Amino acid sequence: MLNIKFVKAEKLKEKPDQNNLGFGKYFTDYMFIMDWDDGKGWHDARIVPYGPLQMSPASTALHYGAEIFEGMKAYRTADGKIQLFRPYENAKRLNSSAERLCLPELPEEDFVEAVKALVNIDRDWVPTLPGTSLYVRPFMIGDDHTLGVHGVHHAMFMVILCPVGSYYKEGLNPVSIMIETEDERVAGKGGTGYTKCGGNYAASTRAGKKAEEKGYSQVLWLDCVYKKYIEEVGAMNVMFKINGEVVTPALVGSILPGITRKSCLQILRDKGIPVSEKRITLDELTSAVENGTLEEAWGTGTAAVISPIGLLEVNGKKYTINNGKIGEISQMLYDEITGIQSGKKKDTYNWTVEVK
């Protein structure tokens with residue numbers, strides 16, 4: 001169990017309007033910080049007022065990208081309880097990312113305890129309106145104050161919180177996606193594609209900006225070796241319903257093992273819906289659109305949960321999916337997962353953890 005020191009803020013912030021939260025714009029009163037030193041391990045766990053960090057200009061995170069993060073949410077139920085969704089899965093994935101980037105691993109129980117403690121102190125920030133939640137961002141940085149390239153000797157684990165609404169302005173309405181055929185995520189097998197590190201997202205920004213300028217919400221990424229296999233859509237995993245079967249790219253080391261993805265697959269299989277995890281080529285996908293066997297497509301992720309895809313663009317050619325409407329499977333998955341998260345549906349999987 002962590003010995004968490006609490007430093008009280010002199011003045012608490014005014015809460016934002018729940019009808020206009022956006023995503024990641026407002027931050028709560030407090031944040032969690034804990035240090036790690038080679039030979040000493042994790043120490044000095046503390047919850048302090050949210051504010052700027054004091055860092056050396058030579059910090060390893062700034063120069064060599066020694067940084068990883070997670071994304072999760074806290075939800076308020078109708079009876080006033082606050083609960084997390086599969087936090088131990090986030091803890092496991094953080095450690096997988098840490099191992100790849102040579103950052104220190106964090107005991108899963110300590111990860112969950114830190115998140116619960118911070119959410120509990122900032123519990124008044126958990127919004128109540130439908131479709132809102134408290135976004136939880138745990139992250140870790142290497143913070144050696146030297147320019148030598150080597151393993152990390154000092155690191156910091158932190159958690160910050162922000163009340164959020166819908167990730168996409170479209171909400172649950174289908175989004176338009178552009179398939180990216182030039183830029184790459186620099187996430188090939190053996191690389192960092194399966195981790196949540198800042199470099200993966202930084203490398204995707206140019207293509208995302210190009211898609212946005214053309215009126216698209218996100219890009220659909222191809223593999224960086226053959227440039228023909230579907231991998232992820234933006235910052236989410238992707239699924240397709242083709243000829244009655246749900247198909248999603250297999251986790252081959254270049255794709256993030258999404259927790260929402262894992263939850264969707266469990267629900268689909270339990271409902272008897274055929275599911276395949278396999279490599280899907282761009283040609284197979286476009287052929288399925290053209291011959292009418294692609295019935296639905298959607299992204300899965302913590303921020304949006306389910307994001308239906310209504311339009312795909314490939315090299316200037318546009319393909320409409322399901323007449324630009326949300327599909328039956330997409331809607332069902334959204335209702336099931338958000339129902340469990342919000343407490344409206346019974347959690348038969350024991351996925352939720354209450355913050356008391």
Across segment 58-64, in residue order, what do the Karplus-derived ³J(HN,Hα) couplings come to in whole Hz, using 6.51 cos²θ - 1.76 cosθ + 1.60 with θ = phi - 60° and x for Gly and Pro?
-> 9, 4, 4, 5, 6, 9, 10
Of all DSSP beta bridges having both residues in the chain, the percent classed as antiparallel (nearest 5) is 85
Most exposed first, judged by fewest Cβ atoms within 10 angstrom, Ser166, Ser97, Ser276 run Ser276, Ser166, Ser97
Antiparallel bridges, percent of DSSP beta bridges restricted to segment 175-342 (to nearest 5) = 70
Which of the peptides 50-60, 8-18, 206-216, 190-200 is most tightly packed, and how do the rest follow, going by the mean number of other Cβ atoms within 10 Å of each residue?
-> 190-200, 206-216, 50-60, 8-18
Over 19 Å between C-alpha atoms is what I'm after, so list which of Lys5/Lys196; Lys228/Lys278; Lys189/Lys228 land there.
-> Lys5/Lys196
Setting aside same-chain residues fewer than 8 positions from Lys210, which aspartates and glutamates have a Cα under 12 Å from its Cα?
-> Glu180, Glu182, Asp183
Quick one: dipole size for the chain, taken about the Cα centre, charges +1 on Lys/Arg Cβ and -1 on Asp/Glu Cβ, in debye to the nearest 20.
-> 580
Simple spin-label estimate for Ser96/Asn120, 7 Å along Cα→Cβ, in nm, reads 2.9
Of the residues Thr60, Pro138, Pro127, the Cα lying farthest along the dipole of the chain towards its positive end, which is defined by charges on the beta carbon of Lys, Arg, Asp and Glu, belongs to Pro127
Packing-based ranking, highest mean first, of 262-273, 331-342 given that Cβ atoms within 10 Å are counted | 331-342, 262-273
About the Cα centre of segment 5-165, what is the dipole size in debye to 20, counting +1 per Lys and Arg Cβ and -1 per Asp and Glu Cβ, all else neutral?
-> 600
By how many nm would the segment from Leu12 to Ala78 lengthen if fully extended, with 0.36 nm per residue of separation less the alpha-carbon distance?
-> 21.2 nm
Compute the length gained on full extension between Leu129 and Asn291: take 0.36 nm times their separation in residues and subtract their Cα-Cα distance, giving the result in nm to one decimal.
-> 54.1 nm
Sites His43 and Asp270 - FRET efficiency at Förster radius 41 Å, r taken between beta-carbons, to 0.05 = 0.45
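For each of Ile329, Ile82, count neighbouring Cβ atoms within 10 Å of the residue's Cβ, then give the residues from fewest to most.
Ascending Cβ contact count within 10 Å gives the list Ile82, Ile329.
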Nearest-0.05 FRET efficiency for Arg279 and Ile4, computed from C-beta distance (R0 51 Å) | 0.70
Return the distance in nm (one decimal) between the two label points of a simple spin-label model at Tyr88 and Lys345, each offset 7 Å from Cα along Cα→Cβ.
-> 2.1
According to a simple spin-label model (label point 7 Å from Cα along Cα-to-Cβ), what is the distance in nm between Phe23 and Gln54?
-> 3.5
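Taken together, the values in this text are just the output of simple stated rules run on the coordinates, not laboratory data. Please read these numbers as outputs of a predicted model, since none were measured by experiment. Ideal geometry is used to build each Cβ from the backbone, glycine not excepted, and the neighbour counts take in all protein chains shown.
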